[in-house]
Amino acid sequence: NGGNITFTASAPDGDVPVKFRFEREPFPNVDPQFETAEVVISGNDGTYTVAIPPQASENTFSSFLLFLTSRDLPVTITDLVVNGGSDPVEPPAGSATLLNGDFENGLTSWTQNPDANGALSAGTISHVTTAPAGRAGSVARLEATGSAAGPQDVLLTQTIGAGTINAGDSINVSLDLYGSLTGAGGVVFAELIYLNADGADVGQRNILFGGGPIFPNQTWTNYSGSITVPSVDVAGGVVLQLKSSCGPIPDGCGTDAYFDNVTFTVTQ
């Protein structure tokens, strides 16, 4: 029945041609592969549509592979919707989408949470449009300080997948980290917090990437890993929490953490 793919995209540094390839898992597969026509992404935040090839719409595909034709320019694709023609393709149970993980739209979709004392106080959360170390685009910066007077937690969170994530699903998270630590007692964490049907914390959480802190340094470093959702009520979704924290250190401590390219995907 035809159908199409619509999405929002930007390529501020030049034209980037994009195609979508339909291909059965596992990739690559010897079965026939079908590609959409090429569409050129240009400028900021445009809406694009490509037609699904008739041969692809006549076949059943559990997945499709998105690939960009070779061009060494940055491109951002968001809000992708696959419409199968007469009926839109509904996301499967266990699907979820993290929004604005590259922070190109400021801190939209993210929540800036206070520390245990109810305020950001000495800590700050900022949207940085000129990323350090030559990185293109925008990033989020979380700065915390600690002293003998008390600790400081600075939190950036997003709730994902209310009503769609289930116990036993696999959550895959990836992010890029850059920054520095000063003094003793400074830590950076990425963790998952589970919410019940009432939106309340069920009291069980998973710290990502090995169960301990991650360490910002003067090189952009990727962290990625998977967590199996525990057997708890997650009807309210899962909170992805980025945390920059300093303990009550008499000699003082500080964390300066930049985050970029945060992704969150779910498989059953």
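Summary of values
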| item | result |
| --- | --- |
| Contacts under 8 angstrom Cβ, first residue in region 143-170 being farther than 17 Å from Leu107 by Cβ, partner of a type in the set (Asp, Glu), 6 or more apart | Pro151/Asp115; Gln152/Asp115; Asp153/Asp115 |
| Unique match (being free of Cβ contacts under 8 Å to residues at least 12 places away in the same chain, open to solvent by 30 Å² or more (accessible area, probe 1.4 Å) and under 19 Å from Ala257 (Cβ atoms)) among Gly134, Gly183 | Gly134 |
| Qualifying residue in region 169-178 (condition: open to solvent by less than 40 Å² (accessible area, probe 1.4 Å), among the small types (Gly, Ala, Ser) and closer than 22 Å to Cys253 by Cα) | no |
| Those residues of region 211-240 which are of a type in the set (Gly, Ala, Ser), touching a Phe, Trp or Tyr at 6+ places or on another chain (Cβ under 9 Å) and farther than 18 Å from Asp169 by Cα, in sequence order | Gly212 |
| Of residues in region 223-241 being part of a strand (DSSP E or B) and of a type in the set (A, V, I, L, M, F, W, C), the one nearest to Phe259 (Cα to Cα) | Leu240 |
| Qualifying residue in region 46-60 (condition: surrounded by fewer than 16 Cβ atoms within 10 Å (Cβ to Cβ), at pLDDT 75 or above and out of contact with any strand residue (DSSP E or B) (no Cβ under 9 Å at 6 or more places or on another chain)) | no |
| Some residue of region 202-222 being surrounded by fewer than 19 Cβ atoms within 10 Å (Cβ to Cβ), aliphatic (A, V, I, L, M) and over 21 Å from Tyr258 (Cα atoms) | yes |
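The values are calculated or read from the model by the stated rules, or taken from the named source; none is laboratory data. These numbers were taken from a predicted model, which means no experiment stands behind them. All Cβ positions, even for glycine, are placed from backbone atoms using ideal geometry, and neighbour counts span all protein chains on display. Accessible surface is based on the protein model in full, side chains and every heavy atom, while ligands, DNA and RNA are left aside. Shrake-Rupley method; radii C 1.70, N 1.55, O 1.52, S 1.80 Å.
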